[in-house]
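What follows is a short report on a single structure.
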Amino acid sequence: QLQLVESGGGLVQPGGSLRLSCAASGSTFSIYTTGWYRQVPGKQREMVAYITSGGSANYADSVKGRFSISRDNAKDTVYLQMNSLQPEDTAVYYCNAYQGGHFWGQGTQVTVSS
């Protein structure tokens, strides 16, 4: 079974940048569509970005132009580069992988302070 571990979250000031990493293990990473979701307590989970096994990237409108998703299959890792961060980006960010079923990481906290 695929396992996902996020890292790279933390506290940043508005306008700052952060890069999240998601390390996969336990299966063939290259066949999965992978992505990032975020969730604020009491609110619905939001898809932020995902990238297909073929390398096609997709973004939520709220982050388009600011965030960039990429993957390194040789390292079994997917990244989320977050630029121009704003307080509204504060959330727990979860790594996701899909290939017939969904797999989730434990989440990493991103806090954008003002």
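The values are calculated or read from the model by the stated rules, or taken from the named source; none is laboratory data. Keep in mind that this is a model prediction, so the values were computed, not measured. Every residue, glycine among them, receives a Cβ derived from its backbone with ideal geometry; neighbour counts consider all protein chains shown. For accessibility, only protein heavy atoms count, side chains too; no ligands or nucleic acids. Shrake-Rupley method; radii C 1.70, N 1.55, O 1.52, S 1.80 Å.
Of note:
- Among residues of the range 72-100, those that are open to solvent by less than 50 Å² (accessible area, probe 1.4 Å), in a strand (DSSP E or B) and polar (S, T, N, Q), counted: 2
- Residue in the range 52-71 that is under 15 Å from Val5 (Cβ atoms), open to solvent by less than 20 Å² (accessible area, probe 1.4 Å) and in a loop (DSSP other than H, G, I, E, B) present: no
- Residue that is most open to solvent (accessible area, probe 1.4 Å), among those in the range 28-51 that are in contact (Cβ under 8 Å) with a residue 24 or more places away in the chain and among the β-branched types (Val, Ile, Thr): Ile31
- Filter result for Ser25 (loosely packed, with under 14 Cβ neighbours inside 10 Å, out of contact with any helix residue (DSSP H, G or I) (no Cβ under 6 Å at 6 or more places or on another chain) and among the hydroxyl-bearing types (Ser, Thr, Tyr)): yes
- Taken over the range 101-114, the criterion of being open to solvent by 70 Å² or more (accessible area, probe 1.4 Å) and either farther than 16 Å from Ser25 by Cα or of a type in the set (Asp, Glu) (or both) is satisfied by Gln109, Ser114.
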